[in-house]
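To start, the structure under review is shown below, and the notes come after it.
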Amino acid sequence: MDLRLDGKVALVTGGSRGIGKGIAKAFAEAGAEVMITSRKAESCEAAAKEIGPNAHFVPGHVGKAEDAERVIDTTLEQLGGIDILVNNAATNPYAGPTIDVDLPRWQKTIDTNLTAPLLWTQLVWQRAMKDRGGAIVNISSVGGFHTSPILGVYDVTKAALIHLTKQLAAELGPGVRVNAIAPGLIKTDFARALWEGEGGPRVAKSYPLKRLGEPEDVAAAAVYLASDEASGWITGQTLVLDGGGTIAFPR
Ligand SMILES: NC(=O)c1ccc[n+]([C@@H]2O[C@H](COP(=O)([O-])OP(=O)(O)OC[C@H]3O[C@@H](n4cnc5c(N)ncnc54)[C@H](OP(=O)(O)O)[C@@H]3O)[C@@H](O)[C@H]2O)c1
């Protein structure tokens, strides 16, 4: 199936780098008008320039309500609607046992990874999708399915995002479909510490498909979930995209 998004407007948070940029590029190639947003205007501008004429940008912090409103309103004014929202931006300010986390970093992780996807979905629903329908794709993580010695705080937010996806899908149907993607290790800046050096090949070897993920792997799944033709009867689901890591034989 040749998946097309012609005539659609997509808003991608964290669209300036890594997985978000990969998704923005794939959406633009499929014919959508894409609004890229992230904190740094220069990075957004560079990404939009690289992607081409149907990529646009407006900077904003996903955790700030006033930024969310401004980015969404600017998208509506400039592009005439929002048919697809990708809640992709996330943070991971703490590595260590969850029992020891300080409350400011716990709160920052919750605010960025969980509250922001809810807030952006609320605003996009109220201002664009309630009447016209649409598709929302949340970027979770395989971390949302298991425990970790050091990434527990981040993983709690990603597990909650999987449940938020189900909850909002139940509430927003039939007009709006809400799905998530749970990637394994993808070669981006965010996860550099996990794949640079010896770690990367070791993890890749543990995956049945014997390689780490690339942003393009996630982007292809996002196009699928955003497209009504391809996934018009799928909602509330989380697509695990991890080279088989979660079903591999125990190491
Ligand atoms: N890489 C992996 O292995 C992996 C695995 C599973 C899940 N994920 C998830 O995939 C998503 C994307 O990760 P990535 O690996 O592509 O990360 P990345 O390469 O570090 O890119 C993160 C993007 O988010 C933006 N961003 C960060 N904080 C933001 C904020 N508070 N407000 C607005 N934008 C913000 C960054 O731009 P600015 O700096 O300009 O804001 C950048 O565009 C995240 O949800 C992550 O949890 C990643």
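Derivation of every value follows stated rules applied to the coordinates shown; laboratory data play no part. Computed from a prediction, not measured in an experiment: that's the story for all the values here. Neighbour counts run over all protein chains shown; Cβ positions are idealised from the backbone, glycine included.
By per-residue mean of other Cβ atoms within 10 Å, what is the highest-first order of 199-212, 31-44? Mind showing how you got there, number by number?
Numbers: 199-212: 15.3, 31-44: 21.5.
Per-residue mean Cβ counts within 10 Å order the peptides as 31-44, 199-212.
I'd like to know which of ALA160, HIS146, ILE51 lies farthest towards the positive end of the charge dipole of the range 9-247, counting +1 on Cβ of Lys and Arg and -1 on Cβ of Asp and Glu. Positive-most Cα among the choices belongs to HIS146. Peptides 122-128, 178-184 ordered by packing proxy, namely the average of other Cβ atoms within 10 Å per residue, highest first: 178-184, 122-128.
Compared with the alpha-carbon gap, the fully stretched path from ALA230 to GLU214 is longer by 3.6 nm at 0.36 nm per residue. With 30 Å as the limit, the listed pairs LYS108/LYS210; LYS130/LYS158; LYS166/LYS205; LYS21/LYS158; LYS21/LYS205; LYS158/LYS210 have LYS108/LYS210; LYS166/LYS205 beyond it between alpha carbons.
Legend: translational diffusion of the range 9-247 by Stokes-Einstein, Rh = Kirkwood radius over C-alpha pairs, 4 °C, 1.567 mPa s; D = 73 µm²/s. A simple packing score, the average count of other Cβ atoms within 10 Å per residue, orders the peptides 113-119, 19-25 as 19-25, 113-119, with the highest score first. Put a dot 7 Å past the Cα of ARG4, heading toward its Cβ, do the same for ARG192, and the two dots end up 4.0 nm apart. Each stretch of four or more DSSP H residues adds -39500 (n - 2.57); spread over every residue of the chain, this sum gives -12500 deg cm²/dmol at 222 nm. Ordered by the number of other Cβ atoms lying within 10 Å of each residue's own Cβ, fewest first, PHE57, PHE145 fall into the sequence PHE145, PHE57.
The alpha carbon centroids of the range 125-183 and the range 48-90 are separated by 18 Å.
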